[in-house]
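Asks: Below: one structure in structure tokens.
Every number in this text was worked out from the coordinates using simple rules, so none of it is lab data. Since the model is a prediction, treat every value here as computed from it, not as a measurement. Glycine gets a Cβ as well: all are built from the backbone with ideal geometry, and neighbour counts include every protein chain shown.
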């Protein structure tokens with residue numbers, strides 16, 4: 001009776017089951033995988049949000065498939081401040097970056113078509129592709145210097161490949177797509193007639209120096225995805241966007257087709273669209289607090305790692321860190337023991353970290369007292385395993 005596209009819902013991994021058992025028993029659990037900014041202490045004053053969400057015009061709907069011109073103009077200004085010229089008519093508002101992926105998959109792919117995605121990467125892409133009946137093929141990212149590079153030998157297209165995804169910066173690695181890899185992706189896209197999808201939700205959280213957007217790309221067909229969830233630390237407002245970049249003629253046709261998809265949903269609420277310009281303009285200080293928290297957390301994590309024979313992998317941006325565990329440690333056994341010690345963290349295999357080594361992924365948003373408590377629990381689990 002039910003669609004096969006929901007096959008990913010079958011079964012739950014052992015670590016999640018153990019976590020849920022502990023929570024049902026009412027036992028404490030320190031979450032080192034924290035991804036909700038508000039839960040980490042980064043919140044907007046309710047009075048300011050209320051004012052932003054009750055601006056004139058909130059009482060009516062103006063159903064523009066691309067989104068209100070005022071909101072799209074604010075997104076264009078956001079990119080202009082980052083050195084990229086983006087026309088308002090190349091911007092589409094969505095309810096989230098996830099919805100942006102879904103719309104682009106609808107635009108580019110028939111059921112059974114294929115999209116290339118990086119690995120390691122965030123596992124949500126598997127779910128989004130499955131819901132659109134799209135198949136994924138992975139290409140590998142490999143460590144190089146203070147970042148990660150595309151392993152060209154693993155970047156291969158088949159007869160039904162339609163696009164290649166890059167994440168700039170990647171999650172959980174925090175690796176930026178540098179000029180060398182941009183050249184690799186451009187050449188690959190040209191050779192195989194593909195579009196590039198660039199997810200830039202963590203662009204504004206560099207660990208050192210500004211990160212460059214791809215929104216001004218002119219050479220190859222390219223979509224940039226982002227949104228308020230990370231840019232303005234406001235996931236509850238449900239507003240994101242797609243930028244169609246690349247050659248002018250291609251972008252014109254892509255936007256005309258994408259407008260039909262957007263018109264079928266009209267998913268972004270009027271209050272969120274009206275609030276978006278103010279949020280983008282006002283979010284800088286809050287983002288700076290996040291960057292400072294991440295730097296503080298990374299210093300504490302590096303000290304802990306060095307004392308325990310672990311190593312924090314290089315991170316260029318984002319708000320997660322990957323910790324390489326000592327040789328011989330089994331991720332799943334370690335994190336099962338950590339749950340018994342009252343700590344939850346993500347194993348590297350959740351993200352497709354390379355085999356031959358064990359890793360734990362830690363959120364750098366974690367408040368200092370909670371991070372200290374969680375790392376003590378992880379240390380106890382390490383001693384047990």
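Asks: Rounded to the nearest 5, what is the percent of antiparallel bridges among the DSSP beta bridges in the chain?
Replies: Restricted to the chain, the bridges split so that about 55 percent are antiparallel.
Asks: Per-residue counts of other Cβ atoms within 10 Å, averaged by peptide: what ranking do you get for 293-300, 269-276, highest first?
Replies: Descending packing order for the listed peptides: 269-276, 293-300.
Asks: Treating each Cα of the chain as an identical point scatterer and ignoring solvent, apply the Debye formula and state log10 I(q)/I(0) at q = 0.11, 0.14 Å⁻¹.
Replies: Taken in order of the listed q values, log10 I(q)/I(0) reads -0.82, -1.30.
Asks: Within region 236-258, what residues put their amide N at less than 13 Å from the label point 7 Å along the Cα-to-Cβ vector of residue 264?
Replies: 257-258
Asks: When the chain is fully extended, how far beyond the present Cα-Cα distance does residue 127 get from residue 62, taking 0.36 nm per residue of separation?
Replies: Working: separation 65, 0.36 × 65 = 23.40 nm, distance 3.18 nm.
Stretched out fully, the residue 127 to residue 62 stretch lengthens by 20.2 nm.
Asks: Going highest first, how would you order 8-18, 61-71, 311-321 by mean Cβ packing within 10 Å?
Replies: Descending mean neighbour count gives 311-321, 61-71, 8-18.
Asks: Now a separate question. Take each of the peptides 74-87, 167-180, average the number of other beta-carbon atoms within 10 Å over its residues, and list them starting from the highest. Each step should come with its number before you reach the end.
Replies: Working: 74-87: 17.6, 167-180: 22.6.
Those peptides, ordered most packed to least, come out 167-180, 74-87.
Asks: Please order 2, 223, 202 by the number of other Cβ within 10 Å, starting at the fewest.
Replies: Lowest to highest Cβ neighbour count: 2, 202, 223.
Asks: Right, next: Along its three principal axes, how long is region 231-280 when you only count alpha carbons? Whole Å, largest extent first please.
Replies: Largest first, region 231-280 extends 34, 23, 15 Å along its Cα principal axes.
Asks: While we're looking at this one, here's another question. Dividing the convex hull volume of the alpha carbon atoms of region 58-282 by its residue count, what do you get in Å³ per residue? Don't jump to the answer; show the numbers that get you there.
Replies: Values: hull volume 26.0 nm³, N = 225.
Taking the convex hull of the Cα positions in region 58-282, it is 116 Å³ per residue.
Asks: For region 173-275, what are the per-bin percents of Cα-Cα distances with bins 10 Å wide, up to the bin holding the maximum?
Replies: Percent of Cα pairs in each bin: 13, 39, 34, 14, 0.
Asks: Another question, then. How long is the gain from residue 88 to residue 190 if the chain were fully straight, where each residue apart is worth 0.36 nm and the alpha carbon distance is subtracted?
Replies: Once the chain is fully extended between residue 88 and residue 190, it gains 34.1 nm.
Asks: Relative to the longest principal axis of the C-alpha atoms of the chain, give the angle of the C-alpha long axis of helix 248-265, reported between 0 and 90° and rounded to the nearest 10°.
Replies: Value to nearest ten degrees: 80.
Asks: Can you figure out the FRET efficiency of residue 252 with residue 330, using R₀ = 45 Å and their beta-carbon distance, to the nearest 0.05?
Replies: Efficiency computed from Cβ-Cβ geometry: 0.25.
Asks: Could you work out how far helix 14-24 tilts from the main Cα principal axis of the chain, as a 0 to 90 degree angle to the nearest 10?
Replies: Tilt of helix 14-24: around 80 degrees.
Asks: Measure off 7 Å from each Cα along the Cα-to-Cβ vector at residue 81 and residue 306, then give the distance between these two points in nanometres to one decimal.
Replies: 3.6
Asks: So how far, in whole Å, is the C-alpha centre of region 219-249 from the one of region 11-51?
Replies: Comparing the Cα centres of region 219-249 and region 11-51, I get a distance of 26 Å.
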